[in-house]
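Novice: After the structure tokens below, expect a handful of questions from me.
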Amino acid sequence: MNYDKIYATRTSRIKASAIRELLKLAANPNLISLGGGLPSPDSFPLNLVTELTEKILTKYGSTALQYDTTEGFMPLRKGLVDYLQNYGIRAGLENIYISSGSQGFLDQIGKLLISPGDYVAVEGPTYLAALQAFNAYEAEYAQIETDDEGLIPESMEEIINNYPIKFIYTVPTFQNPTGKTVGLKRREQIAEIILKYDMLLVEDDPYGALRYKGETLPTIQSMAPDNVVYASTFSKIFAPGLRVGFFVAPEKFARWMVLVKQGVDLNTSTYTQAMAAEYLLGGYIPAQVNKIINIYKPKLVTMLDALAYYFPEGYKWSKPDGGMFLWVEGPKGIDMEEVYKKSIERGVGFVPGKFFFPNPEDGIETMRLNFTNVSEEEIKSAVKILAEVAKEQLEILV
């Protein structure tokens, strides 16, 4: 059968994830991959999972294995009411809902808000999987300028004034891919702007709990709750395989999100929601997050030290206070895809930065590095090899 003749027109915008395709190429046990966004398996609380499994089957019985409401497992939603207050988010059950990971949330947003040709304002660079989710609904993009502190509010306002923006999408804390964090003053400016123009902003916050130094910043949602949909996940603070995310939204908007989700998966896995609920209600999060930070923080320090020691002049990189990534920018004219090809030959993988931009011609000279799923010795070796390739490319450029 000729299947091409029956596909929806939107499939022309659906592409394979560049990161996942690159990681397939790098699926070599002898290769050091700084490319994936994978949490370290060392951070997974395996003993606790066994304990929680027994607990949820005793406490909830067959309920944990049954269909549940689309809104989410009630004990989990109730637990999130108190938990979110730690982030300055004051919300009731009518505002808190469960998604199948952050990616499920992004698909819901796209399905609900984006008609073909609608403009979404995003940072340049932005989270690749958000672009992938929105592309399926035939979005167009207006790119907000960024600097060392992330999103520039003045650029965002200019975009609002020059494009018919449907909504703004941002990852303001330890951003994927750059690791950058928007400071307090800018957050206040962003909140003022979206209130001024009555705009919707989607605040994606999967990494906020992974802070290694500095003070926790208030969410943008806490400054403009009627104009912000806030989303987060248990993937980075518990285990990504659970596929449990959550979001906070004004009740009227959230009801539409529930209707959209009903047509996709009916409900997020009841069993894994129950697992997340007991993890939250049992008070395990602070100790587990502290454990994760103690694993990741020295790896970030090692990567920053190695970059400073090995990399040639003309390169610069972000210096995150937390999260899982950092961002390297080379001199104009450097093609990081070429660097990638050469580094793969020498046993090191990463993700060229161009894939994180709506316009694939942008970010040619950039790369994203992940430090969480490799050892400190591997980080040193990998960065040294990357630096050697980077020097060679500089020599060719000259």
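The values are calculated or read from the model by the stated rules, or taken from the named source; none is laboratory data. Everything numeric here is computed off the predicted structure, so don't read it as measured data. Note that we place each Cβ from the backbone using ideal geometry, even for glycine, and neighbour counts take in every protein chain shown.
Novice: Within the set of pairs 6 or more residues apart or between chains, which connect a residue that is farther than 16 Å from residue 39 by Cβ inside segment 197-216 to a residue that is of a type in the set (A, V, I, L, M, F, W, C) and assigned to a loop (DSSP other than H, G, I, E, B) with Cβ atoms less than 6 Å apart?
Specialist: Filtered contacts from segment 197-216: 203/220; 204/171.
Novice: Turning to a different aspect of this structure: Quick one: residue 362 ticks every box in (1) part of a helix (DSSP H, G or I); (2) surrounded by fewer than 20 Cβ atoms within 10 Å (Cβ to Cβ) except a single one, so which number is it?
Specialist: (1)
Novice: Does residue 15 count as closer than 23 Å to residue 242 by Cα, modelled with pLDDT under 85, basic (Lys, Arg) and in the same structural domain as residue 368 (by TED's automatic domain parsing)?
Specialist: On the way: closer than 23 Å to residue 242 by Cα: no; modelled with pLDDT under 85: yes; basic (Lys, Arg): yes; in the same structural domain as residue 368 (by TED's automatic domain parsing): yes.
No; evaluated as a whole, the condition is false for this residue.
Novice: Could you tell me which residue of segment 51-82 is farthest from residue 133 (Cα to Cα), considering only residues that are in contact with a helix residue (DSSP H, G or I) (Cβ under 6 Å, 6 or more places away or on another chain) and hydroxyl-bearing (Ser, Thr, Tyr)?
Specialist: Within segment 51-82, the match that is farthest from residue 133 (Cα to Cα) is 60.
Novice: Counting only residues that are small (Gly, Ala, Ser) and in contact with a helix residue (DSSP H, G or I) (Cβ under 6 Å, 6 or more places away or on another chain), which one in segment 214-234 is surrounded by the fewest Cβ atoms within 10 Å (Cβ to Cβ)?
Specialist: 224
Novice: Within segment 117-174, restricting attention to residues that are more than 13 Å from the chain's Cα centre (by Cα), in a strand (DSSP E or B) and of a type in the set (Ser, Thr, Tyr), which residue is surrounded by the fewest Cβ atoms within 10 Å (Cβ to Cβ)?
Specialist: Among those that are more than 13 Å from the chain's Cα centre (by Cα), in a strand (DSSP E or B) and of a type in the set (Ser, Thr, Tyr), it is 119.
Novice: Now a separate question. Can you spot a residue in segment 295-314 that is at pLDDT 95 or above, part of a loop (DSSP other than H, G, I, E, B) and closer than 26 Å to residue 124 by Cα? Explain how you work it out, then say what you get.
Specialist: Kept after step one, since they are at pLDDT 95 or above, are these residues of segment 295-314: 295-311.
With the extra rule that they be part of a loop (DSSP other than H, G, I, E, B), the set shrinks to 311.
Of the ones still in play, those that are also closer than 26 Å to residue 124 by Cα are 311.
Scanning segment 295-314, I find at least one residue that is at pLDDT 95 or above, part of a loop (DSSP other than H, G, I, E, B) and closer than 26 Å to residue 124 by Cα, so the answer is yes.
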